[in-house]
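Contents: one structure, followed by commentary.
The values are calculated or read from the model by the stated rules, or taken from the named source; none is laboratory data. Note that the structure is predicted; figures quoted are calculated from it, not measured. So basically every Cβ, Gly included, is an ideal-geometry build from the backbone, and we count neighbours across all protein chains shown.
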Amino acid sequence: MARKTHVLPGFKLTLGYTLAYLSLLVLIPLAGVFIRTAELSTAEFWQVATSPRVVASYRISFGLSLLAAALNAFFGLILAWTLVRYTFPGKRLVDALVDLPFALPTAVAGIALTALYAKNGWLGQWIEGELGIKVAFGPLGILVALTFIGLPFVVRTVQPVLEEIETELEEAAASLGARRWATFRHVLLPILTPALLTGFALAFARAVGEYGSVIFIAGNIPLVSEITPLLIITKLEQYEYAGATAIAAVMLVFSFILLLAINGLQAWTERVTGRDR
C-alpha cells in the first residue's frame, strides 16, 4: 500500500504544536470549569444555575445576543454591499470605521455609548426626552452595545464573498428578465448565506461573552438588565468560585449548542447550494 504523502513537510510536528496550543489555551481551561463545577452536588448546582436571578440573566444575555446578531446580519449585509458595489466620497473612512469596535477598548465603548444615549446625552435627550424611549440603563442599552461590538464580524465575513461574485451573474439574470429582488434572492443570496451565517455566529459568540461595554450602559438591575457575565464576576468577588463556574458551565453548554446548530445550518446550506465542493 502506497504511503500517503503531504505537499508541505512537517505535518506531524505542526499537528502536535496545534493540539498542544489548543489544549493549553482552550481545552484545559474549559475542562477546569467543569472540574471546579463538580465540587457542587447536583442539588447545589441546580439551585445555583436555576435561581430566578440567574435565569433572568440567561434570558437577557442569550436573547439580546441573538437579536443583536440578527440585526447585525441584516444591516451588516447592507453595509458590506454598499462598500463593495458603490463608490462614494468618504468610502475609505467608512470602511475604516467598520473596524473601530475591534480596536476600541470595550470599557471606552461602553462609556461613549452611555454618554450618548443617557437621558442628558446628545441622542438620549431627544430619544428619551421627546419620544419617551429609554435606551441607557435598560435592556435596550444592552442591545445597542451588543450590536455595536458585533457589526464588524458580519461585514468582514460577507465582504470578501461579495467581492468574488462576478457581476456577470447579475447581468445574466437581468437578461433573462429577472427583477433586482429576484436576482438577489435566487442568485446572490444562496451564495452569501454561508458567509452570512458565519458572521452571525461570530457576532453572537462575541455578544454572549461581552462584559466591558455592557455594564456601563445596562444599569445592572437584577431581573431586568443584569447580564450573566456580571453575575459570574459578582460571585468571584464573593469567593463563590464553584457557583461562578457552575453559571459559566451552563453558558458554555448553551453557547456550544447554539453555535453547533448554526454551523450545522451553514454546512447544510453549503451542501444544498454546492458551495462545499
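Being over 20 Å from the mean Cα position of the chain (by Cα) and of a type in the set (S, T, N, Q) is the filter; apply it to region 73-120 and report the residue that is farthest from L143 (Cα to Cα).
Here the residue is T87.
Quick one: what pairs do we get from region 148-165, first residue closer than 18 Å to S65 by Cβ, second part of a helix (DSSP H, G or I) and among the hydroxyl-bearing types (S, T, Y), C-beta under 9 Å, 6+ apart or different chains?
F148/S213; I149/T106; I149/S213; G150/S65; F153/T198; V154/T198; T157/T198
Return the residues of region 10-50 that are surrounded by 11 or more Cβ atoms within 10 Å (Cβ to Cβ) and among the charged types (D, E, K, R); say none if nothing qualifies.
Answer for region 10-50, where residues must be surrounded by 11 or more Cβ atoms within 10 Å (Cβ to Cβ) and among the charged types (D, E, K, R): R36, E39, E44.
If you check Y58 against the conditions, is it in contact (Cβ under 8 Å) with a residue 12 or more places away in the chain and of a type in the set (F, W, Y)? Working first, answer last.
Details: in contact (Cβ under 8 Å) with a residue 12 or more places away in the chain: yes; of a type in the set (F, W, Y): yes.
The answer is yes for Y58.
Cβ-Cβ distance below 9 Å, separation of 6 or more or different chains: which pairs start in region 88-107 with a residue that is in contact (Cβ under 8 Å) with a residue 60 or more places away in the chain and end on one that is in a loop (DSSP other than H, G, I, E, B) and among the acidic types (D, E)?
Listed by first residue and then by second, the contacts come to T106/E210.
Can you pull out every residue in region 73-131 that is in contact with a Leu (Cβ under 9 Å, 6 or more places away or on another chain), over 14 Å from R156 (Cα atoms) and of a type in the set (D, E, K, R)?
R85, K91
Determine whether region 126-141 contains at least one residue that is touching a Lys or Arg at 6+ places or on another chain (Cβ under 6 Å) and part of a helix (DSSP H, G or I). Explain how you work it out, then say what you get.
Of region 126-141, the ones touching a Lys or Arg at 6+ places or on another chain (Cβ under 6 Å) are 128.
Pick out the ones that are also part of a helix (DSSP H, G or I) and you get 128.
Yes, that holds for at least one residue.
Determine the pairs where a residue that is more than 12 Å from P229 (Cβ to Cβ), located within region 244-255, has a partner that is at pLDDT below 90 and polar (S, T, N, Q) with Cβ atoms under 6 Å apart, the partner being 6 or more residues away or on another chain.
The qualifying pairs are T245/T37; A246/T37; A249/T37.
I'd like the full set of residues that are assigned to a helix (DSSP H, G or I) and over 30 Å from F216 (Cα atoms), limited to region 84-106.
V84, R85, K91, R92
Answer yes or no: is there a residue in region 252-264 that is more than 30 Å from S51 (Cβ to Cβ), under 19 Å from the mean Cα position of the chain (by Cα) and at pLDDT below 85.
We begin by selecting, within region 252-264, every residue more than 30 Å from S51 (Cβ to Cβ); these are 263-264.
So of that shortlist, the ones also under 19 Å from the mean Cα position of the chain (by Cα) come out as 263-264.
Add one more test, that the residue is at pLDDT below 85, and what stays is 263-264.
Yes, region 252-264 has at least one match.
Of all residues in region 86-116, count the ones that are of a type in the set (K, R) and loosely packed, with under 12 Cβ neighbours inside 10 Å.
Number of matching residues: 1.
Is it the case that region 157-168 has a residue that's in contact with a helix residue (DSSP H, G or I) (Cβ under 8 Å, 6 or more places away or on another chain), under 30 Å from T228 (Cα atoms) and in a helix (DSSP H, G or I)?
Yes, some residue in region 157-168 is in contact with a helix residue (DSSP H, G or I) (Cβ under 8 Å, 6 or more places away or on another chain), under 30 Å from T228 (Cα atoms) and in a helix (DSSP H, G or I).
Please go through region 56-85 and pick out each residue that is more than 13 Å from A203 (Cα to Cα), among the hydrophobic types (A, V, I, L, M, F, W, C) and exposed (fewer than 14 other Cβ atoms within 10 Å of the Cβ).
I78
Within region 135-173, can you find the residues that are β-branched (V, I, T), buried (at least 21 other Cβ atoms within 10 Å of the Cβ) and more than 19 Å from the chain's Cα centre (by Cα)?
V135
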